[in-house]
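Only one structure is covered here, and it is reproduced in the block below.
Every number here is computed from the coordinates shown, using simple stated rules; none is lab data. Please read these numbers as outputs of a predicted model, since none were measured by experiment. So basically every Cβ, Gly included, is an ideal-geometry build from the backbone, and we count neighbours across all protein chains shown.
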Amino acid sequence: FNEVADQLAASTTFKNIAWMNGGLEVWQRGTSVAVTAATTPYTADRWYILTNANQVSTVARQTGLTDQSQFCARVQRDSAQTGIGIMQFAFPLDTDEVYRLRGKFAYLSFRIRAGANWSPASGNISISLIYGTGAAAKNSAFVGTTSAIAQTVVLTTTTQLVQVISSAIIPVTALQAEINFAWTPVGTAGTNDYFEIDDVELVAVPVTVAADYIPDGFEYLPFGQMLEGCKSHYQKTYRYGTAPTLGSLDFVTPLLTLSQAAEQVGLFWVYDNELRSNASPDATFHGIGTATSSNWLGLNVSASYAAVSSVSVGHKGLLVRSASVSAAGVWFAIHALVSAGI
């Protein structure tokens, strides 16, 4: 079995530039991500949502839209929300991913359907492949923004396959790009004001074959390969299936250190994967139980906490220390998240 799995993995082409999570299979932040109004958080790995005033939303993992897909993403403006500003759900590309497109045409395909209360006028959603000439970023920070693909799709509750190729070659000056889904909700959201998206594929098509290009279908990669790729952008100490939560009672996989005296304690966390090099990573800490986000919990003493006093975050790992602790022989625990997102 292992030999067969290895052969299948070796046979993948990684033709999809969005291979890390174009299929919406990887959800390190949890299977249902609550999004506050007027924010731009990441949700499913590599995918962020942009909301405006009065647009509390949820991005949740759902059953895939094809028999070969395990999961898709449901992007929903929560019921009774009244905000009608433009919303976006997008996959920004890293620099090396943009380089694969330069000097070629871009082919984009995906599967999509709407919920029963999908509110935009005429059911419209705008699909774009946007590029610019600055450093890797979300499109709000693009330099010299140009749309290589710009198409409006009318959504219904029936799943449809959308396929489009750019009208021009992506120039060699392009250094940033983003796959972007944008829509303008109307009125007050009903209980099913959402769309579901799956099997997003972006392929660089050589100029010599663009006129006759025939897509050969979405490439379903092994989950482990997609997760490994996504970990170059985001990692956590929690188990994969556990959503990061302040005050979590997850005692299975936290960072642990043992105090030797009434002094500082600390440890070095070596990440599973090295983080992407063209980003300055940052870390967030989650206390366990009743601890705050900046506290270690003493496991073998009653209500003993120690504040995080210093952190040094690198691309391969991080060093975290506590304030002075009160005694020797105490096991201190804390969860950590590290991000090097675009």
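Among PRO206, GLY85, THR184, which residue has its Cα positioned farthest towards the positive end of the charge dipole of the chain, with +1 placed on the Cβ of Lys and Arg, -1 on the Cβ of Asp and Glu, and the dipole taken about the Cα centre?
So the residue furthest toward the plus end is GLY85.
Show log10 I(q)/I(0) for segment 1-117 at q = 0.19, 0.21 Å⁻¹, two decimals, from a solvent-free Debye sum over equal Cα scatterers.
Scattering profile of segment 1-117, log10 relative to I(0): -1.13, -1.26.
If the only charges are +1 at each Lys and Arg Cβ and -1 at each Asp and Glu Cβ, what is the size of the charge dipole of the chain around the Cα centre, to the nearest 20 debye?
On the way: 18 positive and 24 negative charges, 130 e Å.
In debye, rounded to 20, the chain gives about 620.
Across the chain, where is the longest run that never hits GluC sites (Glu not before Pro) in a DSSP loop with at most 15 other C-beta atoms within 10 Å? List each step's numbers first, then the result.
On the way: sites that count: GLU263, GLU274.
In the chain, the maximal stretch lacking such sites is 1-262.
Using θ = phi - 60° and the Karplus relation 6.51 cos²θ - 1.76 cosθ + 1.60, list the HN-Hα couplings for segment 21-32 in order, rounded to whole Hz, with x at every Gly or Pro.
So the Karplus estimates, Gly and Pro as x, are 7, x, x, 6, 9, 9, 9, 5, 7, x, 7, 8 Hz.
Tell me the label-point distance for the pair GLN264, GLN62, using the 7 Å Cα-to-Cβ offset, in nm and rounded to one decimal.
5.0 nm
If each Cα of segment 147-303 is one equal point scatterer, what is log10 of I(q)/I(0) from the Debye formula at q = 0.20, 0.21 Å⁻¹?
Debye intensities relative to I(0), on a log10 scale: -1.39, -1.43.
Note down the nm distance, to one decimal, between modelled labels 7 Å out along Cα→Cβ at ALA150 and at ALA53.
Going from the ALA150 label point to the ALA53 one covers 2.7 nm.
Run the dipole for segment 1-156 about the Cα centre, Lys and Arg Cβ at +1, Asp and Glu Cβ at -1, nothing else charged, and hand back the magnitude in debye, nearest 20. Display every interim value, and only then the final one.
Working: 12 positive and 9 negative charges, 82 e Å.
The dipole magnitude comes to about 400 debye.
Mind checking which lysines have their C-alpha under 26 Å from LYS231, skipping anything on the same chain fewer than 8 residues away?
Once the sequence-local lysines are set aside, what remains near LYS231 is LYS15, LYS138, LYS316.
May I ask which residue of GLN70, PHE332, GLY224 lies farthest towards the positive end of the charge dipole of the chain, with charges of +1 (Lys, Arg) and -1 (Asp, Glu) on Cβ and the Cα centre as origin?
Of GLN70, PHE332, GLY224, it is PHE332.
Calculate the spin-label point distance for THR292 paired with SER79, positioning each point 7 Å from the Cα along the beta-carbon direction, and give it in nanometres.
That separation, rounded to one decimal, is 3.6 nm.
Which translational diffusion coefficient, to the nearest whole µm²/s, is obtained for the chain from the Stokes-Einstein equation, given a Kirkwood hydrodynamic radius over C-alpha pairs, 10 °C and 1.306 mPa s?
Working: Rh = 21.7 Å.
D, rounded to a whole number, is 73 µm²/s.
Rounding to the nearest 20 debye, state how big the charge dipole of segment 162-237 is about its Cα centre with +1 on each Lys and Arg Cβ and -1 on each Asp and Glu Cβ. List each step's numbers first, then the result.
Values: 2 positive and 10 negative charges, 70 e Å.
Dipole size: approximately 340 debye.
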